[in-house]
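The values are calculated or read from the model by the stated rules, or taken from the named source; none is laboratory data. Predicted model only: the values in this text are computed from it and were never measured. Heads up, the Cβs are rebuilt from the backbone with ideal geometry, glycines too, and the neighbour counts pull from every protein chain shown.
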Amino acid sequence: MTTKKKTSIAVIPGDGIGPEISREAVKVASQAAERESATLEYEWFDWGCDYYLTHGRMMPDDILDILAGFDAIFLGCVGDAAKVPDHISLSLLLTIRKGFDQYVNLRPIYLYEGVPTALAKAVPGMIDLVVVRENVEGEYAQVGGRFKTGTAEEVAIQTGVFTRKGTERVMRYAFELSRKRGKLGNENGFTGMVTNCSKSNALNYSMVFWDDIYDEVSKDYPDIKKDFALVDALTMWFVKNPEYFDVVVASNLFGDIITDLGAMLQGGMGFAAGGNVNPEKVYPSMFEPIHGSAPKYTGKNVINPIASFEAMRMLLEHVGLQRAAFSLQEAIRTVLKEGRARTRDMGGDAHTTDVGDAVVAAMT
């Protein structure tokens with residue numbers, strides 16, 4: 001008799017459409033896990049804006065203690081400005097990221113066959129890159145303050161924090177990932193390429209430091225091609241030559257910006273997923289679709305859930321359920337290619353649940 005491997009997942013559906021896409025994500029992940037004789041055990045937590053309206057905070061004070069024992073976390077989406085200001089609701093996400101040292105924000109950008117994209121030249125598989133975004137310091141370190149508030153002399157200071165440890169470890173992760181992907185296939189002696197996304201021509205302390213660490217780390221990876229682009233130019237090259245890129249490493253702010261552009265290349269926010277990763281697995285990592293909570297669509301069952309499925313695929317891969325992750329990805333690929341269920345953003349009229357059912361059927 002085979003004993004099933006059990007994996008514990010904390011589910012935080014969050015706000016707006018979060019509960020809808022979370023239910024579908026759990027449904028398809030559970031089916032995928034069956035392919036690997038694995039069992040996924042879920043515990044749901046009602047933290048978010050409604051929780052704030054009742055308790056005066058987005059989550060309990062001991063949230064990290066509650067989540068620490070799980071193998072991974074799935075986050076639906078957080079935020080509803082009509083209920084709670086965004087800078088407050090974001091505290092739920094940032095508390096988990098920083099508290100669990102999820103210092104890598106992993107954003108795969110891939111165009112599946114059957115998915116319409118705004119980029120006319122794009123064909124399936126041509127867009128296949130990953131952005132590795134530093135996730136716990138940089139421009140989002142929340143260091144600064146406001147002084148003489150409400151007066152004519154008011155001053156606001158926001159300080160970016162770049163540490164050698166934090167910068168070096170995210171650089172190494174990017175180079176290791178490129179080596180693992182092997183996208184260049186030993187072309188001219190290089191197996192992969194890491195593009196340094198910077199702005200050192202204007203940010204003469206933080207980004208020059210960032211570039212220096214990139215150059216130091218790159219010496220340990222002679223098989224990986226070095227590449228450099230200023231962030232403003234990178235947005236242009238993403239559109240003009242997206243097939244050129246392999247792995248892009250970027251600071252917290254720059255990575256946040258360029259990945260939204262990347263989402264448009266792969267068909268829109270309905271396809272874009274992200275992982276907040278603690279690579280050493282000292283703490284649980286958290287995976288999420290990167291779209292917002294879209295409160296106006298709450299309960300209408302019309303949202304594209306593919307991004308949440310991709311987030312679950314990344315989660316399964318992270319916890320070591322490789323066959324389950326592959327099975328889910330192939331099912332997604334099949335459904336999109338054959339057009340079995342297309343939500344409104346893809347020019348169809350399928351419901352959120354229809355897409356989930358189609359993906360499950362493709363695995364059975």
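Examine segment 160-167 for a residue that is touching a residue at least 60 places away in the same chain (Cβ under 8 Å), in a loop (DSSP other than H, G, I, E, B) and either in contact with a helix residue (DSSP H, G or I) (Cβ under 6 Å, 6 or more places away or on another chain) or closer than 19 Å to Pro279 by Cα (or both), and state whether such a residue exists. Checking segment 160-167: at least one residue is touching a residue at least 60 places away in the same chain (Cβ under 8 Å), in a loop (DSSP other than H, G, I, E, B) and either in contact with a helix residue (DSSP H, G or I) (Cβ under 6 Å, 6 or more places away or on another chain) or closer than 19 Å to Pro279 by Cα (or both).
Here segment 89-141 is the region considered, the condition is being basic (Lys, Arg) and not in a loop (DSSP other than H, G, I, E, B), and the residue that is surrounded by the fewest Cβ atoms within 10 Å (Cβ to Cβ) is Lys98.
Of the strands (runs of 3 or more DSSP E) lying entirely inside segment 205-300, those containing at least 2 residues that are more than 30 Å from Arg342 (Cβ to Cβ) span 224-230, 247-250. Considering only residues that are under 13 Å from Ile21 (Cα atoms) and of a type in the set (Gly, Ala, Ser), look in segment 273-313 and name the one that is surrounded by the most Cβ atoms within 10 Å (Cβ to Cβ). Taking the candidates together, the pick is Ser308.
Apart from one condition, Leu321 fits all of (1) closer than 30 Å to Trp237 by Cβ; (2) surrounded by 18 or more Cβ atoms within 10 Å (Cβ to Cβ); the exception is (1). Close Cβ contacts (under 9 Å, 6 or more residues apart or on different chains) running from residues in segment 223-236 that are among the hydroxyl-bearing types (Ser, Thr, Tyr) to residues that are modelled with pLDDT of 95 or more and in a strand (DSSP E or B) are absent.
Please go through segment 287-344 and give me each residue that is over 30 Å from Lys6 (Cβ atoms) and of a type in the set (Gly, Ala, Ser), ordered by number. Listed by number, the residues that qualify are Gly292, Ser293, Ala294, Gly299, Gly339, Ala341. Within segment 243-288, the residues that satisfy the criterion of being hydrophobic (A, V, I, L, M, F, W, C) and over 17 Å from Thr195 (Cβ atoms) are Ala263, Met264, Met269, Phe271, Ala272, Ala273, Val277, Val282, Met286, Phe287. For segment 153-181, filtering for residues that are more than 16 Å from Ser218 (Cβ to Cβ) and surrounded by fewer than 13 Cβ atoms within 10 Å (Cβ to Cβ) leaves 9. For segment 197-209, indicate whether the set of residues that are free of Cβ contacts under 8 Å to residues at least 24 places away in the same chain, assigned by TED's automatic domain parsing to the domain that holds Asn252, closer than 20 Å to Asp246 by Cα and loosely packed, with under 11 Cβ neighbours inside 10 Å is non-empty. Within segment 197-209, none of the residues are free of Cβ contacts under 8 Å to residues at least 24 places away in the same chain, assigned by TED's automatic domain parsing to the domain that holds Asn252, closer than 20 Å to Asp246 by Cα and loosely packed, with under 11 Cβ neighbours inside 10 Å.
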